[in-house]
């Protein structure tokens, strides 16, 4: 008999049972936090793959760039490439053609425009890679407080039930408090991966940004030397 009661008590304290027994407000909080957790993992997985691919393929593109002898052919093959390094390269080549097609070339003006164009292209690519990382930061900072709101609401409901039943036994208090604390647990379950994922992905974006800016500076130097050779 005691064993059956223990089994029923354990079933009543299971996560599903706690969700079903919770107040409608607490249910909405739990459902929102679970949706935020799923969204968090979707962003982490998708952006993690995207950043990793951008880093590996970007390094391969840079090796190809420094080994090639025909920049025009490389630009033609990279014109529709989604790689950040390739887009910075094509932006630089496009500005180079526009700025050097006249017979009289303003070398300092060309250098300035090349630096601006490639810096803008690099910043645009970094912004694209950083897209939705702010969502992770928001979830990581807000989810614990949303869970705490569910906890406070559930405990208030528990105290109201205690006052109505005029019974302070553990059997009366425990279910309501367990429901309330379950909301906090779900909030932490959503927040912790969001914070870790945000920091790791931001670190990956920072590495790509540094490498992309270095590539843009090196390419700018190469074009500047070519400009000096072509100038009368």
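Where a number appears in this text, it was derived from the coordinates with a stated rule and is not lab data. Fair warning: this is a prediction, and the values are worked out from it, not measured in the lab. Virtual Cβ from ideal backbone geometry, glycine too; neighbours counted across all protein chains shown.
What the Cβ-Cβ distance of residue 188 and residue 57 gives, at R0 = 45 Å and to the nearest 0.05, is a FRET efficiency of 0.80. Summarising the label geometry, the points placed 7 Å from Cα in the beta-carbon direction at residue 101 and residue 141 lie 4.7 nm from one another. Cβ-Cβ distance of residue 66 and residue 46, R₀ of 30 Å, FRET efficiency by 1/(1 + (r/R0)^6): the value works out to about 0.45. The alpha carbon centroids of the stretch 41-116 and the stretch 204-231 are separated by 9 Å. Modelled spin-label separation between residue 17 and residue 199, with each label point placed 7 Å from Cα along the Cα-to-Cβ direction: 3.7 nm.
If the label point is 7 Å along Cα→Cβ of residue 131, which residues in the stretch 70-93 have backbone nitrogen under 18 Å from it? Backbone N within reach: 80-88. When peptides 137-148, 180-191 are sorted by average Cβ neighbour count within 10 Å, with the highest value leading, the order is 180-191, 137-148. Using the Cβ-Cβ distance between residue 159 and residue 28 with R0 set to 22 Å, the FRET efficiency works out to roughly 0.60.
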